[in-house]
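Inspection log for the structure reproduced underneath, given as structure tokens.
The values are calculated or read from the model by the stated rules, or taken from the named source; none is laboratory data. None of these values were measured; they are calculated from a predicted model. Note that we place each Cβ from the backbone using ideal geometry, even for glycine, and neighbour counts take in every protein chain shown. Note: areas computed on protein heavy atoms with side chains; ligands, DNA, RNA excluded. Shrake-Rupley method; radii C 1.70, N 1.55, O 1.52, S 1.80 Å.
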Amino acid sequence: MTSKIVTCLWFDRGEARKAAEFYAATFPDSHVGHVLQSPSDYPGGEQGSELTVEFTVLGQAFVGLNAGPESTPNEAVSFQVMTDDQAETDRYWNSIIDNGGSEGACSWCKDRWGFSWQIVPRALIDALKDPDRAAAKRAMDAMMTMRRIDIARIEAARAGQAVA
């Protein structure tokens with residue numbers, strides 16, 4: 001790791017590498033790096049077990065710590081992934097959901113380890129920033145009815161067309 005700051009994610013025993021491998025397979029510019037074997041016993045594991053796993057997701061450095069079940073993720077921290085089109089939005093959303101994750105409202109989903117992700121099309125952000133505040137409101141109202149974001153429905157709402 002060469003970054004001055006790296007986000008550390010806590011996982012239940014042995015899950016850090018599984019998560020890192022999933023993230024690396026799901027997102028571009030991602031990979032699994034060095035795995036550190038513990039030089040001695042520690043509260044979450046034994047000597048020789050995987051203590052940490054370095055990985056990169058979308059160019060961002062992370063380290064996964066096999067810490068045990070006492071710390072669980074919550075929505076106070078999430079990963080927002082900006083997408084360029086519906087195919088990219090669907091690919092990321094479906095990958096997370098189909099790998100034991102769960103759907104949430106308004107672009108939110110959780111992976112099987114409990115981490116929250118927002119899969120957000122840039123078109124949604126553009127619509128919400130529309131200087132025509134009535135158009136922005138229509139887009140927001142449409143978004144509030146969705147789980148995975150449907151760009152065509154957001155754009156139709158923004159344009160004042162009926163949203164099915």
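For segment 27-36, backbone phi angles converted through the Karplus equation (6.51, -1.76, 1.60; θ = phi - 60°) give residue-by-residue couplings of 10, x, 6, 9, 6, 9, x, 5, 10, 9 Hz, Gly and Pro being listed as x. One chain, two ends: Gln37 and Ile5. Fully extended at 0.36 nm per residue, the span grows by 9.4 nm beyond their Cα-Cα distance. The convex hull around the C-alpha trace of segment 89-159, projected and averaged over every direction, spans 4.3 square nanometres. Put simply, the C-alpha atoms of the chain give a gyration tensor, and the ellipsoid matching it has half-axes of 37, 14, 13 Å, longest first.
Expressed in Å, the radius of gyration and Dmax of the Cα atoms of segment 123-164 are 8.7, 25. Extents of segment 1-62, taken as max minus min of Cα coordinates on every principal axis and listed largest first, are 35, 25, 16 Å. Accessible area per residue, 1.4 Å probe, Å², for segment 75-118: what's the number? It amounts to 46 Å² per residue over segment 75-118. A crude spin-label estimate for the pair Gln118 and Glu88, with each label 7 Å from Cα along the Cβ direction, gives 1.7 nm. Straightening the chain between Arg13 and Glu75 buys 20.2 nm, computed as 0.36 nm per residue apart minus the Cα-Cα spacing. Here is the list for segment 1-62: GluC sites (Glu not before Pro) lying in DSSP coil, each with at most 14 other C-beta atoms within 10 angstrom of its C-beta, are Glu46.
Note on segment 47-137: Kirkwood hydrodynamic radius from all Cα pairs is 15.2 Å, rounded to one decimal. Surface composition of segment 76-151: carbon and sulfur atoms hold 50% of the protein heavy-atom accessible area at a 1.4 Å probe.
The HN-Hα couplings worked out from phi for segment 74-79 by the Karplus form 6.51 cos²θ - 1.76 cosθ + 1.60 (θ = phi - 60°) are 9, 6, 4, 10, 9, 10 Hz, whole numbers, x standing for Gly and Pro.
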